[in-house]
Every structure is written in structure tokens, then in C-alpha cells.
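Notes to accompany the following structure.
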């Protein structure tokens with residue numbers, strides 16, 4: 001499968017190849033859904049809490065005697081049917097965390113990348129020479145590459161200049177290539193790689209680590 005290589009002016013300067021077999025040959029839809037559900041669940045704080053009648057402030061004394069008042073019988077002021085009382089079936093902090101085995105996470109990530117490749121939503125940017133933070137420069141390059149409606153840019157090594165250039169661009173995320181997961185690959189319309197980042201995917205489809213990191 002050929003992946004086009006563009007410069008920052010939006011001109012195609014060549015292409016690179018990747019074998020579909022290293023990405024699992026086919027897109028596993030069920031596994032992708034499981035990975036996306038897991039990622040989104042793990043972002044939930046689970047901090048919402050409500051107080052039961054035993055947690056709210058107030059006396060436990062019976063409000064008035066059981067009989068002879070003409071009113072319905074009533075217990076304490078903390079009962080769930082009174083204003084200021086507790087909540088029936090109150091909930092504490094919930095843990096929404098889900099887990100997936102490492103092999104499944106890696107296979108889901110490869111399926112997500114393969115899906116993007118099959119939809120022609122992947123491109124390689126070479127060279128991407130941004131030595132100082134310039135949002136205007138990076139924004140123009142993304143527009144020429146057709147990635148201004150949302151993209152993930154995968155880098156082979158950290159670049160403070162690129163991070164700072166992209167932080168004010170809407171729907172644009174910068175990641176090191178080994179940090180990519182299935183959800184982040186699928187989340188944006190376009191997936192961009194620098195040449196070293198894409199070489200890391202081809203060389204190490206399990207870890208997406210660049211050669212120097214893989215040897216370390």
C-alpha cells in the first residue's frame with residue numbers, strides 16, 4: 001500500500017510503502033469498538049456523588065406523632081420525600097475503568113491505522129522544519145495538506161516548537177508516534193506522519209518505536 005509524501009507546500013514529492021499484513025491484513029471492527037469504548041470510559045472521572053438520608057444534615061427525630069394529627073405519618077426530616085432530605089439509592093464515586101490486554105490494544109491500533117490507510121486519510125509530511133513556534137506557518141501547511149478540518153500529527157521525536165505552534169489550532173493534536181492509540185487515530189479526519197514516525201511504524205508495527213528507542 002502506497003502512502004503519499006508531501007512537502008509543507010502541499011506538493012507530492014514521492015511515496016512510501018507499508019505492507020497490509022504487518023497491520024493485521026483486515027480491519028477488525030468489533031475490536032475497534034471495544035478499544036474506543038475503553039478509551040472513552042477511562043476518561044470519565046466518576047466523581048459524581050449524591051447523599052443518602054444518612055449523609056444529609058438534620059435530626060433523626062420523628063417530626064410529629066404517628067396518630068391523631070390528621071396528616072400522613074411522617075418520619076425524620078431527612079427522608080427522601082422531603083425538601084432537603086437525602087436521595088433514594090444515592091451513588092458514590094463510580095469506577096468506570098476498563099482494561100484490554102496489550103496485544104488487543106496493539107491490534108486495535110493497527111486496525112485503526114489500516115482503516116485510515118484504506119480511506120486515503122493518511123499522509124507523510126517531509127520535511128517538517130519548524131524550529132521556532134509559529135502557529136501561522138504550521139496552520140498554512142495543514143491547510144495546504146487538506147488537514148485543516150482536523151488532524152493528528154505523529155512525530156518521531158519530541159519537538160517543542162511544533163507542540164507550541166499547534167496548541168492554538170482547533171482540532172489539531174500532536175502526538176509522538178508511540179503514543180498513538182486506536183481512538184486518537186480514528187478521532188480526526190486526517191492522520192499525518194513525519195517521515196521518521198512512519199518509518200518507525202513500518203519497522204516496529206507492535207510498538208511504533210523509532211529505531212534508537214527500540215534498541216534502548
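The values are calculated or read from the model by the stated rules, or taken from the named source; none is laboratory data. Quick caveat, the model's predicted, so the values are computed rather than measured. Counting neighbours? That spans all protein chains shown, and the Cβs are built from the backbone with ideal geometry, glycine included.
Exactly one residue among 32, 23, 107 is crowded, with 16+ Cβ neighbours inside 10 Å, within 15 Å of the chain's Cα centre (by Cα) and under 20 Å from residue 180 (Cβ atoms), and that residue is 32. Quick one: in region 122-142, of everything that is modelled with pLDDT of 90 or more and within 17 Å of residue 13 (Cα to Cα), which residue is surrounded by the most Cβ atoms within 10 Å (Cβ to Cβ)? Among those that are modelled with pLDDT of 90 or more and within 17 Å of residue 13 (Cα to Cα), it is 142.
Summed over region 101-113, the residues that are touching a helix residue (DSSP H, G or I) at 6+ places or on another chain (Cβ under 9 Å) and more than 10 Å from residue 31 (Cα to Cα) give a count of 2.
Condition check for residue 52 on (1) surrounded by 15 or more Cβ atoms within 10 Å (Cβ to Cβ); (2) part of a loop (DSSP other than H, G, I, E, B); (3) assigned by TED's automatic domain parsing to the domain that holds residue 194: one failure, at (3). Considering region 180-195, and only residues there that are in a helix (DSSP H, G or I) and in contact with a strand residue (DSSP E or B) (Cβ under 8 Å, 6 or more places away or on another chain), the residue that is nearest to residue 24 (Cα to Cα) turns out to be 185. Tally the residues that are over 30 Å from residue 42 (Cβ atoms) and surrounded by 14 or more Cβ atoms within 10 Å (Cβ to Cβ), restricting the search to region 58-98. Summing the residues that are over 30 Å from residue 42 (Cβ atoms) and surrounded by 14 or more Cβ atoms within 10 Å (Cβ to Cβ) in region 58-98 gives 11. With the condition kept exactly as written, say whether any residue in region 2-18 is assigned by TED's automatic domain parsing to the domain that holds residue 134, without any contact (Cβ under 8 Å) to a residue 24 or more places away in the chain, exposed (fewer than 12 other Cβ atoms within 10 Å of the Cβ) and assigned to a loop (DSSP other than H, G, I, E, B). Yes: one or more hits.
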